[in-house]
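First up is the structure itself, then whatever we jot down about it.
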Amino acid sequence: MKKFNRLEIKKICCIGAGYVGGPTMVVFADKCPLINFYVVDINKEKINAWNNEDLTKLPVYEPGLDNLVKKCRGKNLFFSTDIEKNIATSDIVFISVNTPTKTKGIGAGKASNLMYVEECARQVAKHAKNHTIVVEKSTLPVRTAEVIKTILQEAQNNRDNKHNMPTFDVLSNPEFLSEGSAIKDLNEPDRVLIGGESEEAIDLLSKIYKNWVPKERILHTNIWSSELAKLTANAFLAQRISSINSIAALCESTGADIREVSRAIGSDKRIGSKFLDSGPGFGGSCFKKDILNLVYLSNHFGLPEVADFWEGVVEMNNWHQHRISKLIVQKLFGTISEKKIVILGFAFKANTNDTRESAAIQICRDLLEEGAELIIHDPIVDKGQIQLNLDNDKTLTERDKNHENNYEYQGSWNFTNQLNTVFDDAHAVVILTEWEEYSDLNWISISKKMQKPAWIFDSRLIVDTKKVLEANLKLWRIGDGT
Ligand code: UDX
Ligand code: ADP
């Protein structure tokens, strides 16, 4: 018997209106005008923001996103808090909720907390009416599909009314978009991965993607390969960054230049040139979380050597961030107490308002511990978000875990989104995010405002060395031993 009432997908619901669910559904809606997309979330404020007439107030900042929202919203794209109704009337339900690293219990600090995913699966089980394809889109530990399947199955067994019970297929369709270029990544994906058992369900999802993705880029795998591929892709990318950052430290000691080393190794086709930019250490919601998931899995399956290998990538990243803070203190004569330091950029990379795991968090905290007076600038991230990260986030380091309440630093911080006044009386400027506007600052005029000797710390290699030095400023650049 055919499980599907119709072979046409008319309505898709996505649970989770965050950095993944939001942009993904916006692009789907743009590419598939005949399907209606409902993005639902428990967070009412977020849904209101997605519905805001003022497109600068969307909860996710992504180049190109506002135009697409304008084009599709109210036509075939809707944002709603009515989760039940939209599950009940959809042919496909994407689960795109957050899966933070567990902070307590078994696997604390490594395993992902599947609480939200589980809750979604229960909601789908309860409210679905017809055959529903459930697609996992969140970054999840391997074998999560099994958890979702079990919940759906159990809920069916427990339904009072066994007539007209919905049936389910579970697919894994991991997202590979990178924040800051999400729209481009979604429009032109290198590959789309669909893992699952049901040929029919896989074909239906593939058919949607075929509206804009060439069919040879749509890969079908078994469900576990799909889940593991997502974790592994992120682990490999993060590993490249830890590798290049480790060599940057060596460059600084030996007189080599990391950009020359990157170019030289990147021209080897076997290595490739992407993801070889040394920086302040990787951030973002995925890399650390996914590697720690791999570590947890490897230990769980009795492979401690594999676990240690991957954990090293995260350890190198932590070490690297602390190395930068220490170096700033050293250059400023061993003390930064009450010294004004300008932080340029708080987002974990340019072109996003996301600060999750941003290197800026750890580096600012280190400097605050040392008593610095920070003035933080970011063109898009707002003060409230920085406050959450610096004053309230209890998940960062072992030492930090002991703080139950807000932090008490020796130093203090302030925020501004005005660049013209930020440099007055500063001892140092630290560039942490590669926002374009930081690459052509007027160093001569900045230098006049700063206290001497004044330092520029460029962790993104974006300033013009000559111009900085000509402005009578001292310069440290990551990986530059020349
Ligand atoms: C990543 C993956 O790229 C994406 O495929 C996955 O779906 C989610 O995780 P994202 O975290 O959004 O995407 O951004 P990404 O561009 O990968 O950057 C991650 C971090 O690495 C940033 O902090 C970035 O500044 C840093 N980075 C990246 C470097 O330091 N050097 C590089 O060469 C590239
Ligand atoms: P990601 O980067 O993975 O998209 P975000 O934190 O940006 O993560 O977004 C995840 C979204 O999922 C949040 O807006 C959160 O409110 C939402 N969410 C979590 N659990 C549920 C749930 N049970 N039902 C609906 N939405 C949920």
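The values are calculated or read from the model by the stated rules, or taken from the named source; none is laboratory data. Computed from a predicted model, the values in this text were never measured in an experiment. Note: ideal-geometry Cβ built from the backbone for every residue, glycine included; neighbour counts use all protein chains shown. Calculation scope for accessible area: heavy atoms of the full protein, side chains included, ligands and nucleic acids excluded. Shrake-Rupley method; radii C 1.70, N 1.55, O 1.52, S 1.80 Å.
Search the stretch 66-84 for residues that are farther than 26 Å from residue 181 by Cβ and pair each with any residue that is in a helix (DSSP H, G or I) when their beta-carbon atoms are under 7 Å apart and the residues are at least 6 apart or on different chains.
80/47; 80/86; 81/44; 81/47; 83/123; 84/127
Give me the residue from the stretch 5-52 that is touching a residue at least 60 places away in the same chain (Cβ under 8 Å), part of a loop (DSSP other than H, G, I, E, B) and open to solvent by less than 60 Å² (accessible area, probe 1.4 Å) and, out of that set, nearest to ligand 2 (Cβ to nearest atom).
Ranking the qualifying residues of the stretch 5-52, first place goes to 18.
If I filter the stretch 250-257 for residues that are within 11 Å of ligand 1 (Cβ to nearest atom) and either within 14 Å of residue 320 (Cα to Cα) or without any contact (Cβ under 8 Å) to a residue 24 or more places away in the chain (or both), do I get at least one hit?
Of the stretch 250-257, the ones within 11 Å of ligand 1 (Cβ to nearest atom) are none.
Within the stretch 250-257 (the criterion being within 11 Å of ligand 1 (Cβ to nearest atom) and either within 14 Å of residue 320 (Cα to Cα) or without any contact (Cβ under 8 Å) to a residue 24 or more places away in the chain (or both)), the answer is no, since none of the residues qualifies.
Given the conditions (1) surrounded by fewer than 21 Cβ atoms within 10 Å (Cβ to Cβ); (2) in contact with a helix residue (DSSP H, G or I) (Cβ under 6 Å, 6 or more places away or on another chain), which single one is not true for residue 193?
Only one criterion is unmet by residue 193, namely (1).
Could you list, in sequence order, all residues of the stretch 206-253 that are buried (at least 16 other Cβ atoms within 10 Å of the Cβ) and outside any helix (DSSP H, G or I)?
Hits for the stretch 206-253 are 213, 218, 220, 221.
Just the residues that are more than 10 Å from ligand 2 (Cβ to nearest atom) and touching a strand residue (DSSP E or B) at 6+ places or on another chain (Cβ under 8 Å), please, taken from the stretch 126-139.
128, 131, 132, 133, 134, 135, 136
When you scan the stretch 254-371 for helices (runs of 4 or more DSSP H) that lie fully inside it, which ones turn up with 2 or more residues that are open to solvent by less than 10 Å² (accessible area, probe 1.4 Å), hydrophobic (A, V, I, L, M, F, W, C) and over 28 Å from residue 181 (Cα atoms)?
Helices (runs of 4 or more DSSP H) meeting the threshold: 304-331, 359-369.
Name the residues in the stretch 66-88 that are surrounded by fewer than 20 Cβ atoms within 10 Å (Cβ to Cβ) and within 16 Å of ligand 2 (Cβ to nearest atom), would you?
Residues satisfying the conditions are 80, 81, 82, 83, 84, 85, 88.
Considering only residues that are crowded, with 21+ Cβ neighbours inside 10 Å and of a type in the set (Phe, Trp, Tyr), which ones fall in the stretch 456-482?
Of everything in the stretch 456-482, just one residue is crowded, with 21+ Cβ neighbours inside 10 Å and of a type in the set (Phe, Trp, Tyr), namely 457.
Go through the stretch 102-124 and report how many residues are open to solvent by 10 Å² or more (accessible area, probe 1.4 Å), in contact with a Ser or Thr (Cβ under 8 Å, 6 or more places away or on another chain) and within 10 Å of ligand 2 (Cβ to nearest atom).
Residues in the stretch 102-124 being open to solvent by 10 Å² or more (accessible area, probe 1.4 Å), in contact with a Ser or Thr (Cβ under 8 Å, 6 or more places away or on another chain) and within 10 Å of ligand 2 (Cβ to nearest atom): 1 in total.
I'd like the full set of residues that are more than 16 Å from ligand 1 (Cβ to nearest atom), aromatic (Phe, Trp, Tyr) and touching a Cys at 6+ places or on another chain (Cβ under 6 Å), limited to the stretch 69-125.
Those that are more than 16 Å from ligand 1 (Cβ to nearest atom), aromatic (Phe, Trp, Tyr) and touching a Cys at 6+ places or on another chain (Cβ under 6 Å): none in the stretch 69-125.
Charged (D, E, K, R) and closer than 30 Å to residue 389 by Cβ: which single residue out of 288, 269 fits that description?
Values: 269 fails: closer than 30 Å to residue 389 by Cβ.
Testing whether each residue is charged (D, E, K, R) and closer than 30 Å to residue 389 by Cβ leaves just 288.
Return the residues of the stretch 164-183 that are in a loop (DSSP other than H, G, I, E, B) and under 20 Å from residue 141 (Cβ atoms); say none if nothing qualifies.
173, 174, 175, 176, 177
I'd like to check something: does the stretch 125-139 contain any residue that is touching a Ser or Thr at 6+ places or on another chain (Cβ under 7 Å), of a type in the set (Lys, Arg) and assigned to a loop (DSSP other than H, G, I, E, B)?
Yes, the stretch 125-139 contains at least one residue that is touching a Ser or Thr at 6+ places or on another chain (Cβ under 7 Å), of a type in the set (Lys, Arg) and assigned to a loop (DSSP other than H, G, I, E, B).
Could you list, in sequence order, the residues of the stretch 277-317 that are among the hydrophobic types (A, V, I, L, M, F, W, C) and more than 18 Å from the chain's Cα centre (by Cα)?
Matches in the stretch 277-317: 295, 297, 301, 303, 306, 307, 309, 310, 316.
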